[in-house]
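Here the structure is laid out as structure tokens; the discussion comes afterwards.
Nothing in this text is a laboratory measurement; each read-out follows from the coordinates by a stated rule. Treat the numbers as computed from the prediction; the structure is a model and nothing was measured. Because the Cβ atoms are built from the backbone with ideal geometry, glycine has one as well, and the counts that use them run over all protein chains shown.
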Amino acid sequence: MSEISFEDFLKVELRVGEVVSAEVFAEARKPAYILHVDFGPEIGVLKSSAQVTEHYQPGGLVGKQVVAVVNFPAKQIGPVQSQCLVTGFHDEHGAVALCVPDKPVPKGTKLL
């Protein structure tokens with residue numbers, strides 16, 4: 001494990017957003033969804049490609065709060081420009097479980 005400074009950590013904008021739409025990303029090389037995540041009025045709605053198909057269905061993601069990095073540069077993934085990185089953890093089988101707050105918080109709230 002490599003160490004970073006607290007100042008480096010503070011540069012990462014981890015924010016809570018609410019999934020407002022989710023659809024199958026048919027062109028993806030690995031199974032994925034395209035998520036539109038609302039981070040509130042300051043940031044708005046950002047798009048993300050998320051490989052979370054093992055544990056989630058598109059309809060079940062709508063309304064779910066997620067934690068995402070919002071200050072990475074946009075990344076082109078096939079025909080989609082991913083504007084944020086939705087975070088998660090690999091389970092024992094390698095499938096991704098989303099990182100989510102355990103209580104509702106306002107959209108755009110920054111991780112402390």
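With Cβ to Cβ distances under 15 Å as the rule, what net charge do the other residues near P73 carry (K, R +1; D, E -1)? That sum, taken over residues with Cβ under 15 Å, equals +2.
A straight Cα-to-Cα reach below 21 Å connects K107 with the lysines K11, K47, K64, residues fewer than 8 places away in its own chain not being considered.
Normalised by 2.2 N^0.38 Å, where N is the number of residues, the alpha-carbon radius of gyration of the stretch 59-112 equals 1.28.
The listed peptides 77-84, 2-9, ordered by packing as a protection proxy, come out as 77-84, 2-9 (highest mean of other Cβ atoms within 10 Å first).
Loop-located trypsin sites (Lys or Arg not before Pro) across the stretch 1-53 with a Cβ neighbour count of 13 or fewer within 10 Å are R29, with loop assigned by DSSP.
For the chain, what relative contact order do you get, as a whole percent, if you take Cα pairs closer than 8 Å and at least 6 residues apart? Contact order relative to length: 30 percent. Local charge for H55 was computed over the other residues whose Cβ lies under 15 Å away, with Lys and Arg +1 and Asp and Glu -1, and equals -1. Rg/Rh for the chain (Cα atoms only, Rh after Kirkwood) is 0.96.
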